[in-house]
Amino acid sequence: MDKVASNILNIYNQFEAGNKKFDVVDIKNKLCGIEEEHGIVEMFGVYMNTIESNIGKGFSATTLKHYKTSKTRLLNFLSDVYGKKEWNLSNIGYKFINDFDVYLKTKYNNCVNTAWCYHKHMKKVLNIAVAMVNIATNPYVKFQVKT
(Lines give C-alpha, C1' and ligand atoms only; values in the text may rest on other atoms or scores of the structure.)
Protein backbone atom coordinates (compact mmCIF):
# COMPACT_ATOMS: atom_id res chain seq x y z
CA MET A 1 0.00 0.00 0.00
CA ASP A 2 2.88 2.35 0.75
CA LYS A 3 4.33 1.69 -2.70
CA VAL A 4 1.06 2.68 -4.41
CA ALA A 5 0.79 5.82 -2.28
CA SER A 6 4.38 6.68 -3.15
CA ASN A 7 3.66 6.20 -6.89
CA ILE A 8 0.59 8.42 -6.66
CA LEU A 9 2.60 11.12 -4.91
CA ASN A 10 5.32 10.90 -7.59
CA ILE A 11 2.74 11.24 -10.38
CA TYR A 12 1.12 14.17 -8.58
CA ASN A 13 4.52 15.89 -8.26
CA GLN A 14 5.23 15.32 -11.97
CA PHE A 15 1.94 16.97 -12.94
CA GLU A 16 2.56 19.85 -10.52
CA ALA A 17 6.05 20.39 -11.95
CA GLY A 18 4.55 20.52 -15.45
CA ASN A 19 2.39 23.51 -14.47
CA LYS A 20 -0.64 22.14 -16.27
CA LYS A 21 -4.16 21.52 -15.00
CA PHE A 22 -4.93 17.94 -14.02
CA ASP A 23 -7.42 15.99 -11.99
CA VAL A 24 -7.72 12.64 -10.24
CA VAL A 25 -8.59 10.88 -13.53
CA ASP A 26 -5.28 12.05 -15.04
CA ILE A 27 -3.42 10.65 -12.03
CA LYS A 28 -5.34 7.35 -12.22
CA ASN A 29 -4.63 6.97 -15.95
CA LYS A 30 -0.92 7.62 -15.44
CA LEU A 31 -0.82 5.17 -12.50
CA CYS A 32 -2.57 2.46 -14.54
CA GLY A 33 -0.37 3.07 -17.59
CA ILE A 34 -3.26 4.18 -19.75
CA GLU A 35 -1.89 6.25 -22.58
CA GLU A 36 -3.25 9.70 -23.16
CA GLU A 37 -6.61 9.77 -24.86
CA HIS A 38 -7.54 11.85 -27.85
CA GLY A 39 -9.18 15.17 -27.14
CA ILE A 40 -11.90 17.25 -28.74
CA VAL A 41 -9.55 20.14 -29.55
CA GLU A 42 -7.15 17.69 -31.22
CA MET A 43 -10.03 16.30 -33.31
CA PHE A 44 -11.05 19.83 -34.35
CA GLY A 45 -7.47 20.28 -35.58
CA VAL A 46 -7.58 17.03 -37.55
CA TYR A 47 -10.80 18.02 -39.29
CA MET A 48 -9.68 21.59 -39.91
CA ASN A 49 -6.53 20.25 -41.60
CA THR A 50 -8.79 18.22 -43.90
CA ILE A 51 -10.86 21.30 -44.69
CA GLU A 52 -7.77 23.43 -45.29
CA SER A 53 -6.20 20.94 -47.67
CA ASN A 54 -9.46 20.67 -49.63
CA ILE A 55 -10.36 24.34 -50.04
CA GLY A 56 -11.72 24.71 -53.55
CA LYS A 57 -12.31 20.95 -53.76
CA GLY A 58 -15.53 20.67 -51.78
CA PHE A 59 -14.73 23.11 -48.97
CA SER A 60 -14.55 26.90 -48.92
CA ALA A 61 -12.33 29.26 -46.97
CA THR A 62 -15.48 30.45 -45.20
CA THR A 63 -16.11 26.93 -43.87
CA LEU A 64 -12.60 26.87 -42.41
CA LYS A 65 -13.18 30.30 -40.86
CA HIS A 66 -16.39 29.08 -39.19
CA TYR A 67 -14.66 25.99 -37.78
CA LYS A 68 -11.84 28.18 -36.44
CA THR A 69 -14.42 30.29 -34.62
CA SER A 70 -16.08 27.16 -33.22
CA LYS A 71 -12.73 25.86 -32.01
CA THR A 72 -11.96 29.21 -30.38
CA ARG A 73 -15.33 29.18 -28.58
CA LEU A 74 -14.63 25.63 -27.40
CA LEU A 75 -11.15 26.58 -26.15
CA ASN A 76 -12.60 29.58 -24.28
CA PHE A 77 -15.25 27.33 -22.75
CA LEU A 78 -12.69 24.76 -21.61
CA SER A 79 -10.49 27.47 -20.13
CA ASP A 80 -13.24 29.47 -18.42
CA VAL A 81 -15.32 26.56 -17.08
CA TYR A 82 -12.82 23.74 -16.53
CA GLY A 83 -9.45 25.49 -16.51
CA LYS A 84 -8.14 23.16 -19.22
CA LYS A 85 -6.88 23.43 -22.79
CA GLU A 86 -8.11 20.00 -23.89
CA TRP A 87 -10.90 17.60 -22.96
CA ASN A 88 -10.76 13.84 -23.47
CA LEU A 89 -13.30 12.52 -25.94
CA SER A 90 -14.40 9.82 -23.51
CA ASN A 91 -15.36 12.49 -20.96
CA ILE A 92 -17.77 14.26 -23.31
CA GLY A 93 -21.34 13.54 -22.36
CA TYR A 94 -24.68 15.24 -22.05
CA LYS A 95 -23.54 17.46 -19.15
CA PHE A 96 -20.48 18.71 -21.07
CA ILE A 97 -22.55 19.53 -24.15
CA ASN A 98 -25.28 21.20 -22.09
CA ASP A 99 -22.68 23.25 -20.19
CA PHE A 100 -21.22 24.34 -23.55
CA ASP A 101 -24.69 25.34 -24.72
CA VAL A 102 -25.33 27.42 -21.58
CA TYR A 103 -21.87 28.99 -21.91
CA LEU A 104 -22.52 30.05 -25.52
CA LYS A 105 -25.86 31.57 -24.64
CA THR A 106 -24.66 33.41 -21.53
CA LYS A 107 -21.05 34.42 -22.29
CA TYR A 108 -21.58 35.34 -25.96
CA ASN A 109 -25.33 36.01 -25.78
CA ASN A 110 -25.83 33.64 -28.72
CA CYS A 111 -29.35 32.99 -29.93
CA VAL A 112 -30.52 29.42 -30.53
CA ASN A 113 -29.58 29.42 -34.23
CA THR A 114 -26.03 30.65 -33.59
CA ALA A 115 -25.49 28.17 -30.74
CA TRP A 116 -26.84 25.43 -33.02
CA CYS A 117 -24.12 26.23 -35.59
CA TYR A 118 -21.38 25.71 -32.98
CA HIS A 119 -23.04 22.48 -31.88
CA LYS A 120 -23.29 21.36 -35.51
CA HIS A 121 -19.52 21.75 -35.88
CA MET A 122 -18.75 19.89 -32.65
CA LYS A 123 -21.20 17.12 -33.60
CA LYS A 124 -19.43 16.74 -36.97
CA VAL A 125 -16.03 16.53 -35.27
CA LEU A 126 -17.36 13.94 -32.82
CA ASN A 127 -18.77 11.90 -35.74
CA ILE A 128 -15.27 11.88 -37.19
CA ALA A 129 -13.92 10.70 -33.82
CA VAL A 130 -16.45 7.84 -33.94
CA ALA A 131 -15.36 6.98 -37.50
CA MET A 132 -11.72 6.96 -36.37
CA VAL A 133 -12.74 4.67 -33.46
CA ASN A 134 -11.57 7.20 -30.86
CA ILE A 135 -14.98 7.00 -29.15
CA ALA A 136 -17.77 4.44 -29.42
CA THR A 137 -20.76 6.74 -29.91
CA ASN A 138 -21.47 10.42 -30.45
CA PRO A 139 -22.91 11.95 -27.26
CA TYR A 140 -25.01 14.33 -29.36
CA VAL A 141 -27.43 11.46 -29.95
CA LYS A 142 -29.12 12.45 -26.66
CA PHE A 143 -28.82 16.24 -26.95
CA GLN A 144 -31.18 18.80 -28.45
CA VAL A 145 -30.35 22.51 -28.64
CA LYS A 146 -33.02 24.22 -26.54
CA THR A 147 -34.65 27.58 -26.97
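Here are a few things to note about the model shown:
- With at most 12 neighbouring Cβ atoms within 10 Å, loop trypsin sites (Lys or Arg not before Pro) (DSSP) excluded, longest segment of the chain: 86-145
- Cα-based helix-to-principal-axis angle, 61-77 vs the chain, degrees rounded to 10: 40
- Inter-site label distance for Asn113 and Asp2 at 7 Å from Cα along Cβ, in nm: 6.8
- Taking amide H atoms as placed 1.01 Å from N in the peptide plane, the amide H of Gly39 lies under 5 Å from those of Leu89, each 5 or more residues away in sequence or on another chain.
- Normalised contact order of the chain, rounded percent, pairs of Cα under 8 Å and 6 or more residues apart: 23
- Only the Cβ atoms of Lys and Arg (+1) and of Asp and Glu (-1) were treated as charged; on that basis the dipole of the chain about its Cα centre amounts to roughly 660 debye.
- Between Thr106, Thr72, Thr137, the GNM of the chain built on Cα springs shorter than 10 angstrom shows Thr106 fluctuating the most.
- Positive dipole terminus of the chain, leading residue within Trp87, His119, Tyr47 (C-beta point charges): His119
- Counted residue by residue at 0.36 nm each, then reduced by the alpha carbon distance between them, the extension gain from Tyr82 to Lys65 reaches 3.6 nm.
- Direction-averaged projected area, Cα convex hull, the chain: 10.4 nm², rounded to one decimal.
- Fully extended contour minus Cα-Cα distance, from Leu9 to Lys28, at 0.36 nm per residue: 5.7 nm
- Element breakdown for the chain at a 1.4 angstrom probe: carbon and sulfur atoms account for 54% of the accessible area.
- Relative to the longest principal axis of the Cα atoms of the chain, the long axis of helix 94-107 makes an angle of roughly 60 degrees.
- Candidate cross-link partners of Lys28 among the lysines, defined by an alpha-carbon separation under 20 Å and a same-chain spacing of 8 or more, comprise Lys3, Lys20, Lys84, Lys85.
- Here the 3J(HN,Hα) profile of the range 109-125, calculated from phi with Karplus coefficients 6.51, -1.76 and 1.60 at θ = phi - 60°, is 6, 6, 7, 4, 5, 5, 4, 4, 4, 5, 5, 4, 5, 5, 4, 4, 5 Hz, Gly and Pro shown as x.
- Whole-number accessible area per residue in Å² for the chain, which is evaluated in the context of all protein chains at 1.4 Å: 63
- Magnitude of the charge dipole for the range 72-147, about its Cα centre and with charges confined to Cβ atoms of Lys, Arg (+1) and Asp, Glu (-1), is about 140 debye.
- Estimated vicinal HN-Hα couplings, Hz - the range 127-134 in sequence order (Karplus 6.51, -1.76, 1.60; Gly, Pro = x): 5, 5, 4, 5, 4, 8, 6, 8
- Segment Val130-Thr106, extension gain: residue separation times 0.36 nm, minus the distance between their alpha carbons: 5.7 nm
The values are calculated or read from the model by the stated rules, or taken from the named source; none is laboratory data. The model shown is predicted, which means the values in this text are computed figures rather than measured ones. In this analysis, Cβ positions are derived from the backbone assuming ideal geometry, glycine residues included, and neighbour counts consider all displayed protein chains. Ligands, DNA and RNA are excluded from the accessible area calculation, which covers all protein heavy atoms including side chains. Shrake-Rupley method; radii C 1.70, N 1.55, O 1.52, S 1.80 Å.
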